[in-house]
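This report concerns only the one structure given below.
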Amino acid sequence: MSGSWARSQRGYDSTMPYGLKRFQKAEALHFITFSCFHRLPFLEAPAAKETFEFVLEQTRSRHQARVYAYVPMPEHIHLLIDEPPLILVAQFLKALKQITSRKLRGNRPQFWQDRYFDSNIRRGSARSEVIRYIHRNPVKRGLAASPERYRWSSFNHYATGIRGAVEPPAQRKAQIRRPESFFCIELPPFAHTCTWKGPGHREQGG
């Protein structure tokens with residue numbers, strides 16, 4: 001696959017460029033990354049990650065979106081989703097962030113960074129690579145010894161076929177994957193602040 005692995009998400013704090021093209025309604029999956037305010041670990045507690053999963057499932061169900069993979073990390077989120085049938089991806093993310101913010105912000109002035117990163121994923125091989133990347137993220141960070149030991153992700157559905165906190169797409173329900181295929185393939189090295197910057201990568205406003 002063409003493209004590179006970046007080690008920084010400094011663009012979250014940069015000025016939104018004028019004339020940015022939004023690649024939505026492009027009949028592609030979207031690999032989304034967004035961060036907590038100033039990349040602070042607001043999602044470090046298990047209860048915070050569980051709240052995010054609950055709200056993600058509520059938002060997914062309400063807008064008929066398909067979530068192919070996800071993982072909440074202590075200070076950022078990775079999602080692989082399709083384009084909901086009736087709203088834009090940006091509107092889906094706005095709803096997701098607003099609801100989780102109301103539930104988790106507390107006395108903080110802001111919970112999420114306004115911007116997010118969006119890569120269009122079209123080919124099946126690219127989709128598999130992104131899913132592995134998402135599920136390996138906690139392992140690379142040292143948060144778990146293997147993907148199945150990190151409770152807050154879509155990995156265990158791929159490994160067992162059993163639904164987790166978030167409803168999987170229909171075409172995945174009947175397919176029980178071999179779990180080793182999702183963590184035995186080594187990915188390029190990256191730091192905990194990395195983000196995918198493959199084909200179609202764009203920074204978007206919040």
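Quick one: would you say residue 138 is buried (at least 21 other Cβ atoms within 10 Å of the Cβ), modelled with pLDDT of 50 or more and touching a helix residue (DSSP H, G or I) at 6+ places or on another chain (Cβ under 9 Å)? It is true that residue 138 is buried (at least 21 other Cβ atoms within 10 Å of the Cβ), modelled with pLDDT of 50 or more and touching a helix residue (DSSP H, G or I) at 6+ places or on another chain (Cβ under 9 Å). With respect to the conditions (1) under 16 Å from the mean Cα position of the chain (by Cα); (2) at pLDDT below 95; (3) within 19 Å of residue 28 (Cα to Cα), residue 157 lacks only one, and its number is (3).
Scanning segment 51-82 for residues that are under 14 Å from the mean Cα position of the chain (by Cα) and part of a loop (DSSP other than H, G, I, E, B) gives 65, 66, 73, 74, 75, 82. Mind checking whether some residue in segment 153-161 is surrounded by fewer than 18 Cβ atoms within 10 Å (Cβ to Cβ) and either small (Gly, Ala, Ser) or on the phi < 0 side of the Ramachandran plot (or both)? Yes, that holds for at least one residue. The residues of segment 15-63 that are more than 29 Å from residue 108 (Cα to Cα), at pLDDT below 95 and surrounded by 12 or more Cβ atoms within 10 Å (Cβ to Cβ), listed by number, are 22, 23, 24, 26, 28.
The values are calculated or read from the model by the stated rules, or taken from the named source; none is laboratory data. Please read all numbers here as calculations on a predicted model, not as lab measurements. For neighbour counting, all protein chains shown are included, and Cβ atoms are generated from backbone atoms with ideal geometry for every residue, glycine included.
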